[in-house]
Amino acid sequence: MDDAIITVSLGDRSYDIFLGTGAYPLFQEWVTRSFRGTPAFVVTDRTVFSIYEDDIRKWLSGIPHDVLPLPPGEEEKHWETVQEIYSFLARKGAGRDSLVVAFGGGVVGDLAGFAAATFLRGIPYVQVPTTLLSQVDSSVGGKTGFNLAEGKNLVGAFHQPRAVFIDPGFLLTLDDRNLRAGMAEIAKCAFAGVPSLLETMEARSGKWREMSGDAWIRVIRDAVSFKVSVVERDEKETSARRILNLGHTIGHAMEQASGYGRLLHGEAVAMGLAWEAIFSRRRGAAPAGLERRVIDLLLGLGFPLDDPAVPDPAIAAAIGMDKKKMVSDIDMPLLTGAGSCALQRIPVSLLREDLPAIREELRGIVRDRAGAAGRETMRPRTEEEVPMPLPGPGEAWPSIASLERRVVGNPRDLGAMIALSEAYRRAGNLAGAWETIKEALEQSPSSASAQRIAREVEREMMEFLPGVGESPSPLLEEVVILEEGAFELRPADRHPDVGRGRGAAAGPRPPAPPAGMPDSPRGEISPEAAAPVRTVTMATLYWDQGRREEAIRIIDEILQGNPRDPRALAWREAHQGKRPEDGEKKVFSLNAFLKKMMKEFGYDVSRHH
């Protein structure tokens, strides 16, 4: 076990990191020797506690202790949670000789460490990290703190633990997403200063899930040893330690701009690594081609490298609040080679201005990489370029679940989005069909198939809502939705088979089904696919249609998943006390709803075209 002990040499603040499977006997021995008769106060989260309650009791058997399980997640990393820890310590009689045990992931370690740093002006604590990310990063080095709405980790303290106990056995209970998130921090260490670790990761890129226990220990040890070597040179992050922020300047901004909890920290760091690799080359720090090596590794690990839902201005504003900001500049690590980086003072304005170009270049690199593999991604494409992924004659219709996975995997896959909308329509899920086809029309307003399906969805919704009495609707191809929330009404480019006159004597011609589509009734598609889309937009649509109980239920379900969702909370407040009365029936056609939306932006859509 001596080979698995890493010492952090910081004078009177030195401590050991114990790394190995089955580390709990070492924990018991260490606590008994160092804090004999002293009570321990365990801070964990409810998810970890539900899995490891027996293990916590086992690790602390024979040691007086109390346990505080906190709500889990990055969104809980705020001042109110810190106060909860303070109250727990005060109620249970913690003193300056007591020991706080941070048993959990990075959020738990940061919060418990900060509480220990400040309660009674500082009490000792140890880290027992249970996620890969916390094992290789946040548990080592003494950084503690919490988030503000204005930025990540803006309040904190340097408070070194007395010991760290890393047991790779905890990784067995992690799902792929959380395990992958830790790989981002390992990749950061590899690119920042461990070329041998980089070679190991590149060799295992697509097979990292298959690593043995010994392989995990070696990878964790290499990453931790690198961080320890940096912390020993610069404990308080006045200079050299800032290279550990590689990927974090843009990563933290992406995490904040998307709303804490949407992205895991490691996912945001992976995005930051890719974006900052491109920025490093644009600044002349990194050699040409290194950015592609970074991107190839991260894609091989399975990371998404962009969140299209987060606009450039939101990322730029979050960078302005980054904790590494110094006056109008940022001390930012830039890649200089495969396994090396250097700090540069970067004007905040320069980084902000470069974001759109960085994002566009990243999308181009990913597109080229995917194209070489026979599939193209991350680019809105026209109908002529992407045929709808529909089956040929006699072939099985793709399941809604498979189409949903394809759309989630690549929100720019226009063909899959159109096919998913049609599948929803055939299943009777008109709400889901409309939400999906609306996204397709945003990407390609002149797509003939998207327009055809949108009109069919509208027609069926009007049939579902008889007696509305609305006048015929304008052609959907005349509605063009521009980026960044701007709306404009103008004739769009029309496909030859689109745009038949409204006044034709024979009336509107029903659209022909796409080639190869089966003629089976809608009911043949699995009933679970017809569940309504859970968005605030759909809640508003249902409300305006008179389906108010369904609208309220959607908002309730959104808030069950995220009680702090600002749009859902605002919707609930605006509609408070307006639950439907018996017999009340207020409905609008889809056309009326579109008119209402357009008029909110100041456009006159009352005339017919």
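First measure r as the distance between the Cβ atoms of ARG46 and ARG121, then evaluate 1/(1 + (r/R0)^6) with R0 = 41 Å and state the FRET efficiency to the nearest 0.05.
Values: r = 29 Å, r/R0 = 0.72.
Computed FRET efficiency for ARG46 and ARG121 comes out at 0.90.
With a cap of 12 neighbouring Cβ atoms within 10 Å, and only residues DSSP puts in a loop, list the trypsin sites (Lys or Arg not before Pro) found in segment 20-126. If you can, show how the numbers build up before the last one.
Working: sites: ARG33, ARG36, ARG46, ARG57, LYS58, LYS77, ARG91, LYS92, ARG96, ARG121; in loops: ARG36, LYS77, LYS92, ARG96.
Sparse-neighbourhood loop trypsin sites (Lys or Arg not before Pro): ARG36, ARG96.
May I ask you to compute the full-extension gain from THR21 to ALA149, defined as 0.36 nm times their residue separation minus their alpha-carbon distance, rounded to one decimal in nm? Walk me through the intermediate numbers first.
Working: separation 128, 0.36 × 128 = 46.08 nm, distance 3.84 nm.
Computed gain between THR21 and ALA149 is 42.2 nm.
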Give me the distance between the Cα centres of segment 285-307 and segment 211-254, rounded to whole Å.
18 Å
What is segment 103-237's relative contact order, in percent, from Cα pairs under 8 angstrom and six or more apart in sequence?
24 percent
Could you pull the accessible area for GLU76 with a 1.4 Å probe, rounded to 10 Å²?
40 Å²
How far apart, in nm, are the 7 Å Cα→Cβ label points at GLU29 and GLU199?
3.5 nm
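For segment 133-202, report the accessible area per residue in Å² (1.4 Å probe, heavy atoms, rounded to an integer).
Details: 2100 Å² over 70 residues.
With all protein chains present, segment 133-202 gives 30 Å² per residue.
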At a probe size of 1.4 Å, how large is the accessible area of ARG367, to the nearest 10 Å²?
60 Å²
So if we plug the beta-carbon distance of GLU210 and ASP296 into 1/(1 + (r/R0)^6) with R0 = 25 Å, what FRET efficiency do we get, rounded to 0.05?
0.85
FRET efficiency estimate (nearest 0.05) - Cβ-Cβ, ARG13 to ARG459, R0 60 angstrom:
0.25
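The values are calculated or read from the model by the stated rules, or taken from the named source; none is laboratory data. If you're wondering where the values come from, they're calculated on a predicted model, not measured in any experiment. We place every Cβ from the backbone using ideal geometry, glycine too, and count neighbours over all the protein chains shown. Accessible surface areas use protein heavy atoms only, side chains included; no ligands, DNA or RNA. Shrake-Rupley method; radii C 1.70, N 1.55, O 1.52, S 1.80 Å.
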